[in-house]
Amino acid sequence: MTEDELKNIENQIELLEAEGRKISISNKMKLKKLQRARDKAKSPIETSSVFVANSNIQKDVRLIDIDKIVMPKFNDRTGIDNKKIIELAESIKENGLIQPIILMENNDGTYTKIAGRRRILAHKHNDNTKIEAIIKKEKLDKRKFNLLVLHENTQREDLNSYDKVRSVLHFIEQEFDINQIEAKKICHKVNNFNKGNLLKEDLELKSISHRLNQILFDTKVFLSVAHFIKHLPVLDMSIEILTLLESNEITFGMALIFNQYSESQFKDKKDFMSVYQHILNEEMNLKDAKSYFIEMLYKNEKIEEKNVIKEIKGKLSKLSKIILTLEEEKQVIFNNELEELLAKY
């Protein structure tokens with residue numbers, strides 16, 4: 001892709017993003033495709049031959065024994081649909097394997113999967129003992145291997161938001177050698193640092209911030225730490241909501257609202273699906289959708305929500321008085337903790 005073509009794509013993305021909440025469903029889909037094209041063009045990892053025509057890669061393809069293929073410990077795809085695996089297996093029987101899988105050769109004669117988990121499962125379903133594969137010739141260190149696996153998967157059309165967030169968070173965990181909870185905390189701290197919410201310069205945090213920003217730049221999935229944090233709640237969403245999100249029936253903001261009320265009880269014994277379906281049919285905006293959910297809440301739950309809100313408002317009123325008495329440095333600490341809570345909920 002030339003610089004002019006990339007610039008044109010970025011201009012189109014900017015125009016579509018400017019539509020904000022009023023963006024139409026067709027434009028949402030267009031925006032998603034443009035963003036993928038831009039991210040693919042800017043990727044620091046060379047796109048593998050899985051994305052090019054078979055005629056260009058035939059000479060690099062080898063037949064590999066399936067029982068010699070090792071799957072990475074981290075499963076980059078969750079919720080693999082067995083029905084789709086069977087459909088893929090039937091397609092392979094009829095048309096052959098259109099795109100080879102990608103492997104890295106190990107010193108013991110085995111191969112580690114980089115891309116192609118579902119194609120391997122489909123071959124196993126067909127009782128095939130061998131599969132066409134492209135073997136990465138260069139020796140990959142752990143970081144480059146993990147980054148390559150991430151890119152091979154996140155650049156694909158069918159990878160959902162849940163797995164993208166999961167994969168990037170897992171990559172951050174490995175880069176810092178920490179667990180998932182600690183990785184989330186680092187993201188929130190760096191986001192506060194990037195916003196300038198720290199009174200004193202923290203050299204260690206400055207170094208961590210630079211490192212995390214570089215990690216997200218390398219992955220090319222999320223534009224910034226703030227952008228990534230905004231998408232973390234997707235890890236707590238139900239499959240039902242994720243399906244609506246991935247099919248572009250709802251925006252990410254709407255998905256957050258749906259998630260908030262997905263376990264609620266509603267009037268007239270209505271279930272969650274009938275309530276959100278009405279919201280979709282009426283093409284409600286975020287504010288109206290939130291109001292409708294509250295309106296439809298079962299009486300006891302509505303009273304409980306009002307009591308909780310009243311209690312929170314009382315505590316916030318007390319906090320505002322306490323904050324005024326705090327030293328400036330403690331005010332900054334409080335603000336950082338509040339930012340983490342806002343990002344979480």
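Rule-based calculations on the coordinates, nothing more; no lab input. In this text, all values refer to a predicted model and were calculated from it rather than measured experimentally. Don't worry about glycine lacking a Cβ; one is built from the backbone with ideal geometry, like all the others, and counts go over all protein chains shown.
Treating r as the C-beta distance of Ile312 and Glu204 and R0 as 45 Å, the FRET efficiency rounds to 0.85. Note on Glu337 and Asn107: with the Förster distance fixed at 45 Å, the Cβ-Cβ geometry gives a FRET efficiency of about 0.40. Here the simple spin-label model places points 7 Å from the Cα toward Cβ, and for Asn285 and Ile181 these points are separated by 4.0 nm.
For the peptides 287-295, 213-221, what is the packing order when you average, over each peptide's residues, the other Cβ atoms within 10 Å and list the highest mean first?
With the highest mean Cβ count within 10 Å placed first, the list reads 213-221, 287-295.
Multiplying the residue separation of Leu140 and Lys195 by 0.36 nm and subtracting their alpha-carbon distance yields 16.2 nm.
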